[in-house]
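The values are calculated or read from the model by the stated rules, or taken from the named source; none is laboratory data. Nothing here was measured: the structure is a model prediction, and the numbers come from that model. For neighbour counting, all protein chains shown are included, and Cβ atoms are generated from backbone atoms with ideal geometry for every residue, glycine included. What goes into the accessible areas is simple: the full protein's heavy atoms, side chains included, and nothing from ligands, DNA or RNA. Shrake-Rupley method; radii C 1.70, N 1.55, O 1.52, S 1.80 Å.
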Amino acid sequence: MGLETDLAKLVEEQPAGPGIKCLLYKNANNPTVAVHGSILAGTSSEPSGKSGLAELTTRLLIRGTRKLGAGKIADQLESVGAAVSFRNSQDSIIFQARMTSPWTKRVLGIVADCLTRPALSPRDIEREREGLLTDIRLRDDDTTRRGMRDLQRLVYPSGHPYRKDRFGTAETVKDLERSDVKDYFEKVISKATTLIAFAGQFKKDEVVGWAARTFATRSEKKINAKKNAAANSVSKSTKREIVMPHKTQGDILIGGVACSRTDPDYEPLNLMNVILGELGFMGRLGQRVRDKEGLAYSCTSFLNSGLAGGSWTALAGVNPRNIAKALVLMKEEIERVRQELVEEQELADAKQNQLGSALMELESTEGIARTSHNLAHFGLGLDYFVKRRQLFGKITREDLMEMARKYLDSSRLSMVIVGPRLKS
């Protein structure tokens, strides 16, 4: 056992006001403080037709406040060896900070300024818009990222919040006005549910008081998980080919709708995926397609689950000449996990892999803050790791086969092939 089994005893949950919760892990022996917080206002919360707005607004948070310019913020953080960052995701805007404990007040003051009083100046908006447009061009010229974007559109049904790419498109980003940014900040970010985890050496009253003053009163609205995500998937598989003649690598992407992070299917489905695409070096897919047959540079799979649903994806980067052969082998391995029970040792290794990953994550204050935040974010409970050990003892090979048959049915999986020379 270890810290993961005692997390519920060591992390205190403390409300700081309506819609604001703090998680507190105090360690007097570590003179640092790590902060991991989120505002429930990511890409899923964008107004219709404003794709990319959450990403653009998030990038502006560190560009300066009404009191401090971007240069001044950087100088103040660097002078005390601290770091602050903001990141947009599907469900939330995530903010992180790291500092030594004597500088907690200064750094939290900067974070508060960025999150409540950003400048959002026309010049900064244009500068960040150009940066975002550059990133969109780079995304669309990358075989893997382009394939992921198109697969996302095929996998999720129309209207699903995860169907949108967080960068948006060149067309939608060009049309965003300063008024859109201000409205989104004032009407969504400034009012959304906020969760903040602190880990390290800090004063409880100081950080909880900071949270209460900074975020005032927030909405307690939650994003509802899709309980029957599998039933909402496309009724039949769809295939798309994207020709990029100037590229030398091809990508094969196969995917379908999975479950939300809170769904009971998540743990057995995740263990099945670990065996298929992660364990060892890229799991069974990597061993068969890359190592044994030498048909791919990489071949793996992953499960991406959020509050409102999830998706499963298998991905291979191949020489264009090998696309057809690699695709056949990928399909064979996917079908094999549906038709044959995994080995007992594979299941044991997958469980140990996941238990070990949790232990590694809790070795630093940043990891503890991030982990406790994520457990609360998904409503899993701080005693989740204890419950998971018990659950792992009950998950069988038959359970994994059931998950594979439920989510990896070829009639429900979509496919995207990207590369210079594509064959039907």
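Some observations on this one:
- Close pairs (7 angstrom Cβ cut-off, 6 or more residues apart or separate chains): farther than 14 Å from V35 by Cβ in region 357-374, surrounded by fewer than 16 Cβ atoms within 10 Å (Cβ to Cβ) and not β-branched (V, I, T) anywhere: L359/G2
- Where helices (runs of 4 or more DSSP H) fall entirely within region 162-222, those with at least 3 residues that are touching a Pro at 6+ places or on another chain (Cβ under 9 Å) are at 178-184.
- Within region 303-317, the set of residues being touching a strand residue (DSSP E or B) at 6+ places or on another chain (Cβ under 6 Å) and either open to solvent by 10 Å² or more (accessible area, probe 1.4 Å) or of a type in the set (S, T, N, Q) (or both) comprises L303, N304, S311, T313, L315.
- Where I275 falls short, out of the listed (1) modelled with pLDDT of 95 or more; (2) touching a Lys or Arg at 6+ places or on another chain (Cβ under 7 Å); (3) under 23 Å from I417 (Cα atoms): (3)
- Flag for A326 being open to solvent by less than 20 Å² (accessible area, probe 1.4 Å), under 23 Å from the mean Cα position of the chain (by Cα) and in contact (Cβ under 8 Å) with a residue 24 or more places away in the chain: no
- A single entry from R137, R129, R146 fulfils the requirement of being touching a residue at least 12 places away in the same chain (Cβ under 8 Å), open to solvent by 10 Å² or more (accessible area, probe 1.4 Å) and more than 24 Å from H246 (Cα to Cα): R129.
- Annotation for region 156-163: no member residue is on the phi > 0 side of the Ramachandran plot and either touching a residue at least 12 places away in the same chain (Cβ under 8 Å) or buried (at least 20 other Cβ atoms within 10 Å of the Cβ) (or both).
- Hey, S101 out of contact with any Leu (no Cβ under 8 Å at 6 or more places or on another chain), open to solvent by 50 Å² or more (accessible area, probe 1.4 Å), of a type in the set (S, T, Y) and over 16 Å from E177 (Cα atoms) or not: no
- Residues within region 71-86 that are surrounded by 16 or more Cβ atoms within 10 Å (Cβ to Cβ) and not β-branched (V, I, T), tallied: 4
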